[in-house]
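Read the structure below first, then the notes.
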Amino acid sequence: MTKKKATAPKKRSKPSSHGHTHGQGHCVDLLRQLSAYIDDELPSDICREIRRHLGACPNCEVFIASLQHTVTLCRHRPAPQLTSTERMNMRRAILDMANAR
Amino acid sequence: MQEPDEFDKLYRDHVDLIYRYAHRLCGETESAKDLVQETFLNAYQGLKDFRGEAKVSTWLYTIASRACMRMRRKRKGQPEHELSLDEFVPTSEGEFRLQIPIDGLSPEEALQNKELRQALDQAIEKLPQKYRMPLVLRDMEGLSAKEVGTIMGLNERAVKSRLHRARLFVRRELSARGITHHDNHESGGLHS
């Protein structure tokens, strides 16, 4: 992914700083579709185009790997559990509140 | 629903699910317990009208999500800010990768690092609620985009748009933290 420049003109043919020939528009377009790509929701021709872009753009390749890692970490983050005493106390509190209303 | 046995079954079968969801949304124990109580209180009063058009779990997730938004509105009056895709375009070389110890590790092994767990939790907690909810429901609870849409009252396109921004937000937060210390010597089991 090409670095964003605050006042960069939108010349898509200008070579990027990391040696490939597309402009930053391709990278920003890719950014918009990364979750759909990770979730395998895109048509095969778009996926092929993205893979071709990733092969030519090391920064985008690193970026998508980092997003994939982020999603993987979220999916595996364990959550704390209630103890049986907490479950019992909460049940009692709920029924007390229900009866009080 | 007034039958105690019916409520007991509903509670017994789903309290752990709803507590897990509540803890992921609230980020801490006491608020999560309040949310669970509010959810089951509403369920107790509303089950007589539940016609089974959705799964019970979807119905409970919906009640919990609405209760969470009500509780948030009571706590803070500030409107939530929108996340724009433009703000997630990296502006320096260091922002492309995650500076965290994950190479060669399974996700479970990586998450034994307490600093990484805290960084992930803090990133999720910093998300505005409208983005946190789809991330928690889709990526942590494992629901489909369609189910998340049913729960949040959104179409699938809106769910996916919010989810994408939420993921980019968490990625950027983790990228900015720079966790390099391998801290895999804690005891096993669930980590908080």
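Tabulated results
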quantity: Checking B:MET133 against (1) of a type outside the set (Lys, Arg); (2) closer than 20 Å to B:THR29 by Cβ; (3) assigned by TED's automatic domain parsing to the domain that holds B:ARG20, the condition it does not meet; calculated: (3)
quantity: Near pairs, Cβ below 8 angstrom, 6+ apart or cross-chain, from region A:59-76 (among the hydroxyl-bearing types (Ser, Thr, Tyr)) to any residue that is in a helix (DSSP H, G or I); calculated: A:SER66/B:ARG171; A:SER66/B:LEU174; A:SER66/B:SER175; A:THR70/B:ARG167; A:THR70/B:VAL170; A:THR70/B:ARG171; A:THR70/B:LEU174; A:THR72/B:PRO107
quantity: Residues that are of a type in the set (S, T, N, Q) and surrounded by 19 or more Cβ atoms within 10 Å (Cβ to Cβ), drawn from region B:113-149; calculated: B:ASN113
quantity: Filter result for A:ALA65 (surrounded by 17 or more Cβ atoms within 10 Å (Cβ to Cβ), closer than 30 Å to B:GLU115 by Cα, at pLDDT below 95 and among the hydrophobic types (A, V, I, L, M, F, W, C)); calculated: no
quantity: Restricting region A:1-44 to residues that are loosely packed, with under 15 Cβ neighbours inside 10 Å and closer than 16 Å to B:GLU93 by Cα, the residue that is modelled with the highest pLDDT; calculated: A:HIS18
quantity: Filter pass, B:TYR19 being within 10 Å of another protein chain (Cβ to nearest Cβ), among the hydroxyl-bearing types (Ser, Thr, Tyr), surrounded by 19 or more Cβ atoms within 10 Å (Cβ to Cβ) and over 14 Å from A:LEU95 (Cα atoms); calculated: yes
quantity: Helices (runs of 4 or more DSSP H) (entirely within region B:49-151) containing at least 2 residues that are closer than 17 Å to B:VAL170 by Cα; calculated: B:107-110, B:114-126, B:129-135
quantity: Any hit, region B:53-66, residues being facing chain A (nearest Cβ under 8 Å), in contact with a helix residue (DSSP H, G or I) (Cβ under 7 Å, 6 or more places away or on another chain), of a type outside the set (Gly, Ala, Ser) and surrounded by fewer than 18 Cβ atoms within 10 Å (Cβ to Cβ); calculated: no
quantity: Tally of residues being of a type outside the set (Asp, Glu), under 21 Å from B:ASP139 (Cβ atoms) and exposed (fewer than 15 other Cβ atoms within 10 Å of the Cβ) across region B:28-52; calculated: 0
quantity: Yes/no for A:CYS47 being surrounded by 11 or more Cβ atoms within 10 Å (Cβ to Cβ), at pLDDT 90 or above and more than 8 Å from chain B (Cβ to nearest Cβ); calculated: yes
quantity: Residue that is nearest to the other protein chains (Cβ to nearest Cβ) [pool: residues in region B:106-146 that are at negative phi and free of Cβ contacts under 8 Å to residues at least 24 places away in the same chain]; calculated: B:PRO107
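The values are calculated or read from the model by the stated rules, or taken from the named source; none is laboratory data. If you're wondering where the values come from, they're calculated on a predicted model, not measured in any experiment. Glycine also receives a Cβ, built like all others from the backbone with ideal geometry; neighbour counts cover every protein chain displayed.
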